[in-house]
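Notes follow the structure.
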Amino acid sequence: MKLLIVGAAGQLGTDMARFLAPVSAVTALTFDGLDITDRPSLKQAIESARPDVMVNYAASTAADRVETDPAIVWQTAGDLQSELNGRAIPLTTLPGNEAFICPDPLRPGDQG
């Protein structure tokens, strides 16, 4: 199985990449290797890795910004899912604080 792990510099991402490497082909990308808010870079990373599963451990270190501008979280989560649509690649998100997640069924503009 080929895994693409984004947010691989954090504690969970680092540990999981190391744990899964003996049993899977792991591509582990940190913010330096992939800014998930950069849609063209995200698309290229997915095309290059050709994963069977994508795991998102990415989180923002700008907690105040995320709390005052939650649209960035919604947009980023939507971009992740949009890039995987039509590719039959499942996305798993295991968040930490201020993670780039998109809790269904809420959408941007919904009251939560």
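Distance between the 7 Å Cα→Cβ label points at Gln81 and Ser48: 2.6 nm. Taking other C-beta atoms within 10 Å as the exposure proxy, Val26, Val6, Val53 rank Val53, Val26, Val6 from fewest upward.
Note that the range 1-40 shows a convex hull volume over its alpha carbon atoms of 63 Å³ per residue.
A P(r) calculated from all alpha carbon pairs of the range 2-93, with 5 Å bins opening at zero, reads 3, 14, 25, 26, 18, 9, 4, 1, 0 percent.
Since every read-out is calculated from the coordinates, none of them should be taken as a lab result. Predicted, not measured: the structure shown is a model, and the values here were computed from it. Methodologically, a virtual Cβ is constructed for each residue, glycine included, from the backbone with ideal geometry; neighbour enumeration extends over all protein chains shown.
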